Amino acid sequence: MLEIKNLYASIKDSDKKILKNFSLKINDGEIHVIMGPNGVGKSTLSKVIMGHYSYEVNKGDILLDGESILPLTVDERAKKGLFLCMQDPTVIEGVSNSEFIRTAMSSKSQEKVNLYKFVKSMEEAIEDVSLDKNMLHRSLNMGFSGGEKKKNEILQLKMLQPKYIILDEIDSGLDIDSLRIVCRNIKKYMKDNKDSSLLIITHYPRILEYLKPDYVHILKDGKIVKSGDLNLALEIEKDGYSSVTGDDNVE
Ligand code: ADP
Ligand code: MG
């Protein structure tokens, strides 16, 4: 279970407060969605959970199975099973995609990953996400198209087998066929890993129609101001955020 309790978070070395008394509980096997206007703090939330150095937790707690992860570094959090598909995946020149994934896998499992098994499962996974095999040997995200970056994040997800997954706008910039491929892979992952939980940040209900979330939450003023089901996302698509939050200033 991932639990965020009365969390206050700000940008480091500034007094810009982004999350204000934010609370959310995601039980194992559940799919939750966060929606909200641009700049409201959705990506900040995902990075604060992951332990990004640019953000500071001022108050509150983040717990995995009842244990606070605030004292943990990013890699320690990843070893506990946290995984973030970033909105803008980082480019790392000179580190090949496969080298990156294999190193992450062995670091997570604390043992060397068998090369033969690795190559075999990587080849299967890359086919599942419909990426060209030569992408394995290219520098991480270097020159990847928007869609290739997103599919590559899903490739990492499949290889690293995390338990708590955050997808930050995984659907942005994907064409309809790529969106289907990405959703099919996420859906299969959740089916094969029944105790995994998923937090999806998105602007569009389309991905939610595929993935069938348990809850949809609206983030505003640093906290969740409304929760519902898929119908809430459909309502926003039709009438905008102001209709559901009752605030005329929100576009
Ligand atoms: P969202 O993902 O909901 O669109 P973000 O979480 O990316 O929004 O950003 C929330 C607000 O915090 C924005 O005003 C953004 O400019 C600001 N912000 C986020 N990260 C930083 C940072 N590292 N430095 C300065 N401002 C930031
Ligand atoms: Mg964002």
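The values are calculated or read from the model by the stated rules, or taken from the named source; none is laboratory data. Since the model is a prediction, treat every value here as computed from it, not as a measurement. Here Cβ is always computed from backbone atoms with ideal geometry, including for glycine, and neighbour counts include all displayed protein chains. Each accessible area value is taken on the protein alone, full model and side chains, heavy atoms only, with ligands, DNA and RNA left out. Shrake-Rupley method; radii C 1.70, N 1.55, O 1.52, S 1.80 Å.
Within the option set 181, 92, 154, being modelled with pLDDT of 95 or more, under 22 Å from the mean Cα position of the chain (by Cα), more than 26 Å from residue 30 (Cβ to Cβ) and aliphatic (A, V, I, L, M) holds for one residue only, 92. Taking first residues from segment 52-81 that are farther than 23 Å from residue 110 by Cβ and partners that are within 16 Å of ligand 2 (Cβ to nearest atom) and open to solvent by 40 Å² or more (accessible area, probe 1.4 Å), the Cβ contacts under 9 Å between residues at least 6 apart in sequence or on separate chains come to 54/11; 54/47; 55/11; 55/47; 56/11.
In segment 194-216, the qualifying residues are those that are without any contact (Cβ under 8 Å) to a residue 60 or more places away in the chain and open to solvent by 30 Å² or more (accessible area, probe 1.4 Å), and the one that is farthest from residue 231 (Cα to Cα) is 210.
Under 8 Å between Cβ atoms, which residue pairs at least 6 apart in sequence (or on different chains) link something in segment 27-49 that is free of Cβ contacts under 8 Å to residues at least 24 places away in the same chain with a partner that is open to solvent by 10 Å² or more (accessible area, probe 1.4 Å) and within 13 Å of ligand 1 (Cβ to nearest atom)? Short answer, once both residue conditions are applied: none.
Each residue in segment 77-100 was checked for being within 16 Å of ligand 2 (Cβ to nearest atom) and more than 19 Å from residue 122 (Cα to Cα), and 6 of them qualify.
Against the list (1) more than 17 Å from residue 37 (Cα to Cα); (2) assigned to a loop (DSSP other than H, G, I, E, B); (3) in contact with a helix residue (DSSP H, G or I) (Cβ under 9 Å, 6 or more places away or on another chain), the condition residue 195 fails is (3).
Every residue, every condition in (1) under 18 Å from residue 163 (Cβ atoms); (2) among the hydrophobic types (A, V, I, L, M, F, W, C), yes or no:
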| residue | (1), (2) |
| --- | --- |
| 55 | no, no |
| 64 | yes, yes |
| 75 | yes, no |
| 85 | yes, yes |
| 93 | no, no |
| 101 | yes, yes |
| 128 | no, no |
| 131 | no, yes |
